[in-house]
Amino acid sequence: MTHSPPAPSGSLRVVVDLNRCQAYAQCCFFAPDVFKLHGPEALWYDPQPSAAQREHVLRAAAACPVQAIFVEWSKAATRKIAEAPHEQL
Ligand code: SF4
């Protein structure tokens, strides 16, 4: 019998420190539905992506060379903040 991981739940919020962002586009590679570069320097991102994007967003945050991406998600009354850029996923 195989077990699949639990489906992501709770709301997801993303904040990018645009003063820190250097437009390296690593996040765009790991979560292309959430992060997009417009032109050479302008980063667009979805601040409230679906919970299904959580793994992609966490990988994007871990890959950001200047640690500009902050991810927060809530499940009921519990809130977690992911700021561990080198967290094993
Ligand atoms: S990986 Fe980091 S520095 Fe590069 S575009 Fe994304 S947020 Fe900006």
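Every number in this text was worked out from the coordinates using simple rules, so none of it is lab data. No experiment lies behind these values; they were computed from the predicted model shown. When we count neighbours, we look across all protein chains shown, and the Cβ atoms used for this are built from the backbone with ideal geometry, even at glycine.
Checking the a/c ratio against 1.5 first, then a/b against b/c, what shape does the Cα gyration tensor give for the stretch 11-82? It comes out prolate by the Cα gyration axes.
Each Lys and Arg contributes +1 and each Asp and Glu -1, all at the Cβ; summed about the Cα centre of the stretch 11-82, the dipole is approximately 280 debye.
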